[in-house]
1. Just to be sure, is residue 595 open to solvent by less than 10 Å² (accessible area, probe 1.4 Å) and touching a Leu at 6+ places or on another chain (Cβ under 7 Å)?
2. Would you call residue 430 in contact (Cβ under 8 Å) with a residue 12 or more places away in the chain, small (Gly, Ala, Ser) and on the phi < 0 side of the Ramachandran plot?
3. Could you list all residues from the stretch 73-117 that are more than 21 Å from residue 203 (Cβ to Cβ) and open to solvent by 60 Å² or more (accessible area, probe 1.4 Å)?
4. I'd like to verify a number: residues in the stretch 575-600 that are touching a Lys or Arg at 6+ places or on another chain (Cβ under 9 Å) and free of Cβ contacts under 8 Å to residues at least 60 places away in the same chain, how many?
5. For residue 8, are the conditions met, namely being open to solvent by 10 Å² or more (accessible area, probe 1.4 Å), of a type in the set (Phe, Trp, Tyr) and under 18 Å from residue 140 (Cα atoms)?
6. Scanning the stretch 477-535 for residues that are β-branched (Val, Ile, Thr) and under 28 Å from residue 23 (Cα atoms), which turns out nearest to the chain's Cα centre (by Cα)?
7. Of the residues 352, 378, 357, which single one is touching a residue at least 40 places away in the same chain (Cβ under 8 Å), touching a helix residue (DSSP H, G or I) at 6+ places or on another chain (Cβ under 8 Å) and among the aliphatic types (A, V, I, L, M)?
8. Condition check: out of contact with any strand residue (DSSP E or B) (no Cβ under 7 Å at 6 or more places or on another chain), without any contact (Cβ under 8 Å) to a residue 40 or more places away in the chain and farther than 22 Å from residue 594 by Cβ. Does residue 99 satisfy that?
Amino acid sequence: FEYAPSAYFTETYGFAATPEWFERARMAALRIPGCSAAFVSADGLVVTNHHCARRAVSSVSREGESLLDDGFYAATQDEERPLPGNYADQLIAVADVSDEVLSEVDAAPEAERGAVREEAIAAVRRRLAADYAGTDGVFVQVVPLYNGGRYSAYVFRRFTDLRLVAAAELSLGFFGGDPDNFTYPRYALDFAFYRVSGPDGSPYRPTHWFTWGDGAAEGEPVFIIGNPGPTNRLRTLDQLEYQRDVYAPVRRAYFEARLRALREAYAADPVEGERLDLRNRAFSLSNSLKAYTGRLAALRDPQIMARKRAAEMAYQSAVHADPALEMRYGDLIEEIGRVQAELREIQGEHGAFYNLAHASYGSRALARALAASRMRAAEAEGVPADSVSAMRAALLSIPDHPADLEEDLLGLRLADFEGYLPEDDPLVEAALGGRSPEGAAAVLLASSIFAHQDRLRSAVQGGEPPAEDVLLRLAGVLEPRVAAYGRRAGSLGRRERELAADLGRARFEVYGTDVPPDATSSPRITDGVVQGYQYNGTLAPAHTTFYGMYDRYYGHEGNVEWQLPDRWVPPPEGLDLSTPLNFTSTADTYGGNSGSPAVTRDLAIVGLNFDRNIEGLSRDFIYLPERGRNIMVDVRAIREALEEVYGADRIVEEIASGRMARED
């Protein structure tokens, strides 16, 4: 919004894209953890995607309820359920603070630039926090743009009193499941409603909100306001090739293996799986797996890489043609390439240790052993007793996984050691002892006190874990290797970030705002046109309808991915099956844009962004409107479902009038 494309919007779409228009768009939009949302009434009603609200919905299910499966509707204001720990951020002001930060950085010795940058950013935050001290819930975020080549200070108002008003059933919000994820045509009713309350508990009254629209026709422009997550469009060719060869393959393999383990664990015991939230954890993994599969395909696409190479050559030509730029920035590309070469030297450790001891997807037994190893080292170094006690409490608080899942996850980590490290690596020998990863995992868990929380508690009553424990011995070999890898990777990462910041400044000097910065999970606006596309020898329509949803249901009868809740089968009387359900446009969206409002030139909301097609996954690296499409829930489908299926008259009245319905 600090570089709002006013002239471009005005000229391209034939309306007055004034500063006031952008302010209304910005103030009506919200950022929620990992997603986006929007005000849609004068009484603080907020709409977002169901998948953005999934954890919140699960968290307020009471005994005997499964709101995730059955959906939720608060028929009165009193029935709206508080959502502790959830929040929404509204961007109320933006300031370009590049000179304030970079002047300090430029004056510092190279070795001190990182610390000086952090202090300069902290000073900006303190100054602006004082300026807005009279506004409730304010916090300041300083966002590096162009990889740190520019800096913007964003002043947010944070709302912490959110209530759940309504949510579709999981089978509607995620209709089509993993097979339909990142595909189109789609038929998902991916919506949920919150309400923001003020300090006194009454509905918050925003100054700006989006009116509820009546859809967008094919060819009509739409504007998406949201918070796209980090992209990699300004990376050098060497960096992209490292991602292609090392970074993306490691992640794809990791997600694939852990997803299989979680699904098997859930299938073996669905009741325990629900208690452990394995479905939501699996959804997150499946989404990441498909995303990295698409990213890797883009990085292996010779046309995309050729375009990235041409862009880099054009940038270098511009730098070499300007003596001042050449002197300051002439060798940046080569320097970044040397960092990539060093990263390749430790690619084995990168794969072997990626997400080591992750709370959800890692071995809990190994996590306990590593924590115990660190605790013993701290004691030996004379760390204060209260710190050691805190480490002991953290160690004993690590919960168990189901036994089969724990064995699978430990086996997968041992397989990572075997697959990414040399056969004669001492860590491989210590971990496997000549066994297969699966066999070694079974032996280690059968022999170690760290396999179960209760076993560990009993073993350390008044004492320490025995030094001869098999997993503790493994941790003793593993911990120094991980630490050494972390030091080297951290040093290279810091060097790469400093070079990337210089490269960002160089790009900005060459191109100015003609080339947008990479996304940063901060508020952005993008434009597009509602449009279908050609694929697989046929044509994907701009809009799908409830007819298509039922076609999927009956065509895949019995398949859980396309199941419908009982109240949807048969189609409820009065439900207009020709109502547009999902639609697609050329808008440039990315992860984090889930829940983003799609609005018209009149700032009427016509859709909620919830996905991209598989071709759109290349947007991590390049925007290709001829290939990619963003996918949205049509507001007409949301209203039709509220009215004809859920009987949510109170919400229908509020979105139609912009005011909360009066309760008798």
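1. yes
2. yes
3. Passing the criteria: 96, 99, 100, 103, 104, 106, 107, 109, 110, 111, 112, 115.
4. Residues in the stretch 575-600 being touching a Lys or Arg at 6+ places or on another chain (Cβ under 9 Å) and free of Cβ contacts under 8 Å to residues at least 60 places away in the same chain: 1 in total.
5. no
6. Checked the stretch 477-535; the qualifying residue nearest to the chain's Cα centre (by Cα) is 520.
7. Matching residue, one of 352, 378, 357: 352.
8. yes
The values are calculated or read from the model by the stated rules, or taken from the named source; none is laboratory data. This is a predicted model, so every value here is computed, not measured. Cβ: placed from backbone, ideal geometry, glycine included. Neighbour counts: every protein chain shown. Ligands, DNA and RNA are stripped out before the accessible areas are found, and what is left, the full protein with its side chains, is counted by its heavy atoms. Shrake-Rupley method; radii C 1.70, N 1.55, O 1.52, S 1.80 Å.
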